[in-house]
Structure formats: structure tokens, C-alpha cells
Amino acid sequence: MDSKFKNQIREQFGKTAVAYVEATHFSGGEDLEEAARLLKPSHDDNMLDVACGGGHMALFFSPMVRQVVASDLTMQMLKKAQEHIAEEGRVDNVVFREADAEDLPFPAGSFTLLTCRIAPHHFPDVPRALREFHRVLRRGGRMAIIDTLMPSDPEIADFFQTMEKMRNPTHIKAFSEEEWQEMIHDSELILQETLVISKTHDFQEWTKTAGLNRAKAQELNKFFMDAPQKVHDYFKIESFAGEVESYTDKKLLIYATRKEKEKHIYQKPATEAPKESTEET
Amino acid sequence: MSLKPELLDILACPKCKQSVELDEDRKSIHCSNCYLRFPVRDGIPVMLIDEAECSRVAEGN
């Protein structure tokens, strides 16, 4: 990841770290529960949560696994997540590492579980990150990626890309389900299941977690209100007196695994097969 | 939160992916392969290639 963009990410998420830790729309949700249902965490699992943000995924999984390593590119975010988890008291199996998802600082095969939630749309090189995920996963390891789904209608997709960038300039690109399938396949991970989950965002909280000032929030509000009807229908935009109250987007949950080690069963070469003896004894 | 030495087992150099070692003062972690030194801030290792200090002394100095 080039350092200029990395600094932009740090600036963006550093200033809004508290909002991310406190955000109710991140701390719970159907996506976390579905990820747990598919991943079937156990106390033998060593888990990595990449781009942990406010630490909500790490905190949610911590009672179900042996250990969670939570990594993020932004130190302020990690510190706030660390403070938040310390306040919870009971949690003593989460550790934090400042790391780049595209250059992970872990030996090959370190983790049996890997999660990455609502983050890949900020990665400049998702295939590279996926290769790293594959590398640090143990054979047979399980992985869940959750990210915002790119709408398939080009006009709705354009609106989506523009409004995400207006809200947070470090948004690079969300992907369609087909694009994800191809990237997962190319990284030699095995796609097991995908799931689309609707997520409703409180508009005010959503602009607040991005640290938008009033003028920028109003600009975004206008962009939503002026959008064509099909955009309103797709995102189920709810408004009152010209003010957007909420909208609903779709998250894609990708459940994939790393291939199990192939079992080599020793077979005697055919030439060693016993021949019928013709000799008389 | 202190940095437990046993957690270094699941830490590697982000550049060469080889094992890293904790410095005696526990304030940094180094990779003896890449000559990179990674700071530890508030108990959190900063494992970023461009934040690391290169500790290699150029030949002839």
C-alpha cells in the first residue's frame, strides 16, 4: 500500500476512532451472528481479525475462541479498541497489532480462523490481501469476509460509489458477488457459502462515524434526496421533511476455507504386486 | 498491557515473513534478516514496513 494513501486512511480513521468504537451499528448485528454460525468457532481456534476497526468482531468472538489477534492500520483505532475491550473487563485473550492487510506480519499457517469485516473496500489491492489471508491461514482454516455489496445495476452502483466516496474519501471500491467469487478462487481459497445481509444505517450516526461536518452531511443528504426513484427503492431511503433518516444497503458475507492437507496414502507400486507362483514346491 | 514474549511466536517480519525478536528493553522488535526495527507503542507492536527503522549500518562507515 503506498504511504500517501496509508496516511490518508490513518487520518480518516484516526479522527473518528472514538465514533467507531462507540458506534452501535458496528457493535452488533446479524452479520456477526451469521459469521459465527458458519465459522463454528471453538476454544482451539487461534483467530486473526484483519482491519479490526473498533474491535467489535474481536470482542464478539473472544469468548468463543482461544485467542484473537486484532490488526489494523490505524494506531488510534487500535488504542481505542484496546481501551474499550479493557473496560469490558472479562476479556483477556485479545491482542492488538498495527499491520497492513497487504503485508501481514504473521508466519504462514498461524491462524485457524480469519475474519475481515466491512474493510476490503478500503484496500488498494484486495487480491494481494487475499493471498496474505491464504498464507497466514492454516490448512483447513476458515475465513469470513463481510463487505458492502456493489449493486449490480450500473446506475445504482454509480450512486453507491459516489456517495461512499463523499462520505469517506478512503473508500476505494466495493465488489459484486461475482468479482468476489473470482478473487477468492484466484487466491486458492475454497468458497463454501455466500450470504447477503441487509443492513439499515441511521443516516446521522452514519455521517458522524465518518467525521463529516454539517455542510458535508447536508451535501450528502441532498445527494440522497435528489437520487432517482430506483436508487430510493434499492436503498429503502427513509426521509422526513427533506432529511434522510435511514437507508439500507446489502452486505455480502463470504465463507471460505483453505484447502486441507492432501493425504498421501502409500500404495505399493504395481510391479511389486505378488505374482502367481508357477513353481512347484 | 505488556507484550508477552510467547506472542512473538505468531509474529513475523511483514517484509520477509521470517521470525522476529523482542529487544531487551521490550520497546521494539527486530528482524535480523531485514535489519528492520519495529517500535512497540502502548504495548502494540507497529509492524509496518515503512514505519520501521532500518538498523543496518552501511559498509565502510
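None of the figures in this text is laboratory data; all of them are computed from the coordinates on show. This structure is a prediction, so every number in the text was calculated from the model and none was measured. As a convention, Cβ positions derive from the backbone with ideal geometry for all residues, glycine included, and neighbour counts pool all protein chains shown.
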| Which whole-angstrom value gives the distance between the alpha carbon centres of the range A:144-210 and the range A:39-64? | 21
| Suppose every K and R has +1 on its Cβ and every D and E has -1 on its Cβ; what is the size of the dipole of the range A:32-178 about the Cα centre, in Debye to the nearest 20? | 480
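Roughly speaking, what is the stretch gain from A:Arg128 to A:Glu83, that is 0.36 nm per residue apart minus the C-alpha to C-alpha distance, in nm to one decimal? Write down the numbers at each step before the final one.
Details: separation 45, 0.36 × 45 = 16.20 nm, distance 3.08 nm.
Fully extending the segment from A:Arg128 to A:Glu83 adds 13.1 nm.
Mean separation of Cα pairs under 8 Å and 6+ residues apart, divided by the residue count of chain A: what relative contact order is that in percent? Provide the component values of the computation, followed by the final result.
On the way: 481 pairs, mean separation 52.7, N = 281.
Averaging sequence separation for qualifying contacts and normalising by length gives 19 percent for chain A.
Within 10 Å of each candidate Cβ there may be at most 11 other Cβ atoms; applying that plus a DSSP loop requirement, which GluC sites (Glu not before Pro) in the range B:23-58 survive? Intermediate results must be reported in sequence, preceding the final value.
Working: sites: B:Glu24, B:Glu51, B:Glu53; in loops: B:Glu24.
When the GluC sites (Glu not before Pro) of the range B:23-58 are filtered for loop state and at most 11 Cβ neighbours within 10 Å, B:Glu24 remain.
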| remark: One quarter of the C-alpha convex hull surface, i.e. the mean projected area of the range A:85-204 in nm², amounts to 9.5
| field | Listed residues A:Asn213, A:Asn168, A:Asn221, most fluctuating in chain A (Gaussian network, C-alpha, under 10 Å) | value | A:Asn213
| field | Separation of the A:Val91 and A:Arg66 label points, Cα + 7 Å toward Cβ, nm | value | 2.0
| said: Counting other C-beta atoms within 10 Å, and keeping those with at most 13, which DSSP coil GluC sites (Glu not before Pro) do you find in the range A:49-95? | reply: none
| task | Consider all pairwise Cα distances in the range A:1-153 and report the whole-number % of them above 20 Å. | result | 45
| field | Simple label model, 7 Å out from Cα along Cβ direction - A:Lys222 to A:Arg37, nm | value | 4.3
| message | Let me make sure I get this right: for the range A:191-233, a, b and c are the square roots of the gyration tensor eigenvalues over alpha carbons, sorted descending. Under 1.5 in a/c it's rounded, otherwise prolate if a/b > b/c, else oblate. Which is it? | response | oblate
| On a 0 to 90 degree scale, rounded to 10, what angle separates helix A:75-88 from the longest Cα axis of chain A? | 80
| request: Could you tell me the largest-minus-smallest coordinate of the C-alpha atoms of the protein assembly as shown on each of the three principal axes, in descending order and whole angstroms? | output: 104, 63, 46
| message | Show me, for the range A:206-219, the HN-Hα J-couplings you get by feeding each phi into the Karplus relation (A = 6.51, B = -1.76, C = 1.60, θ = phi - 60°), rounded to Hz, glycine and proline as x. | response | 5, 6, 5, 5, 8, x, 6, 7, 4, 5, 5, 5, 5, 4
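Please compute, for peptide B:46-56, the average count of beta-carbon atoms on other protein chains lying within 10 Å of each residue's beta-carbon. Write out the running numbers ahead of the final one.
Numbers: counts 6, 9, 11, 5, 7, 5, 0, 0, 0, 0, 0.
For peptide B:46-56, the averaged partner shielding equals 4.
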| Fewest first, what order do A:His56, A:His171, A:His185 take by the number of other Cβ atoms within 10 Å? | A:His185, A:His171, A:His56
| message | Quick check: the angle from helix A:154-167's long axis to the longest principal axis of chain A, C-alpha only, nearest 10 degrees? | response | 70
| field | Karplus-derived 3J(HN,Hα), 6.51/-1.76/1.60, for each residue of the range A:229-236, Hz, glycine and proline x | value | 4, 5, 5, 4, 5, 4, 8, 6
| message | If each residue of separation counts as 0.36 nm, what is the full-extension length gain between B:Arg56 and B:Leu8 once their alpha-carbon separation is subtracted? | response | 15.1 nm
| query | At A:Ile172 and B:Arg26, where each label point lies 7 Å from the Cα along Cα→Cβ, what is the point-to-point distance in nanometres? | reply | 3.6
| note | Which residues qualify? For A:Gly141, with a placed amide H closer than 5 Å and at least 5 residues away or on another chain, they are A:Arg258
| request: With everything on Cα atoms, drop me the angle between helix A:177-186 and the longest principal axis of chain A, reported from 0 to 90° to the nearest 10. | output: 40
